[in-house]
Amino acid sequence: MVKILFVCLGNICRSPTAEGVFRHYANNAGIEDGFTKKIYIDSAGTAGYHLAAPPDKRAQLTALKFGVDIGELQGRKIALQDFSDFDYILAMDTDNLMIMQRNCPPEHQHKLHLFMSFAENCPGITEVPDPYYGDIDDFDKAYDFIDRAARGLLRYIQREYNL
Ligand code: 4NP
């Protein structure tokens, strides 16, 4: 099984959207996710501001426009155990990547990547900008970036794991 964790700051905007969008594409490609499946998908925040909270309404509405329902997800903070449990730990931006690099044991550092590094045809775009203090256009932009990276990530995982 390959285990993928998406990480942002609050786990209520970008990373739950990435979790939902990636699950949507994986499931559409016939790759179901879950504890007993070939792939396991989750998300977390580096901060614990929104523990057990549903995703931000604006993130939920943006995802729903594309048929992706993230309403059931709940915020959680990344834990030390996640660094050993997951195979790919994908940060939405450099700040959150650096926070994880400081906390991740050396033997798991290779699992940490910027999520946007999986996007194809997005030269120069390295981060999903934080939409939390922005307006609905910022959520649309974040969604577009997440969508591109999720599609690239799925192609990469399919190739790498013959799925
Ligand atoms: P996220 O956005 O990291 O994409 O979930 C944020 C959510 C909450 C806060 C900041 C960013 N906050 O400061 O509460």
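Bear in mind that the values in this text are calculations on the coordinates, not laboratory data. These figures come from a predicted structure and were not determined experimentally. A quick note on method: Cβ atoms are made from the backbone with ideal geometry, for glycine too, and the neighbour counts reach across all protein chains shown.
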(request) Return an integer: the convex hull volume of the alpha-carbon atoms of the chain, in Å³ per residue. (result) 110
(request) Grab segment 2-161 and count how many Lys pairs have their alpha-carbon atoms under 25 Å apart, sequence gap of 8 or more, or different chains. (result) 14
(request) Please report E107, E32 as a ranked list, fewest other C-beta atoms within 10 angstrom at the top and most at the bottom. (result) E107, E32
(request) Go ahead and run the numbers for FRET between K57 and F35, Cβ-Cβ distance against an R0 of 25 Å, rounding to 0.05. (result) 0.30
(message) Going by average Cβ density within 10 Å per residue, which order do the peptides 117-130, 37-50, 92-105 take, highest to lowest?
(response) 37-50, 92-105, 117-130
(message) Restricting to DSSP loop positions (anything but H, G, I, E, B) with no more than 15 other Cβ atoms inside 10 Å of their own Cβ, which chymotrypsin sites (Phe, Trp or Tyr not before Pro) remain in segment 122-163?
(response) Y133
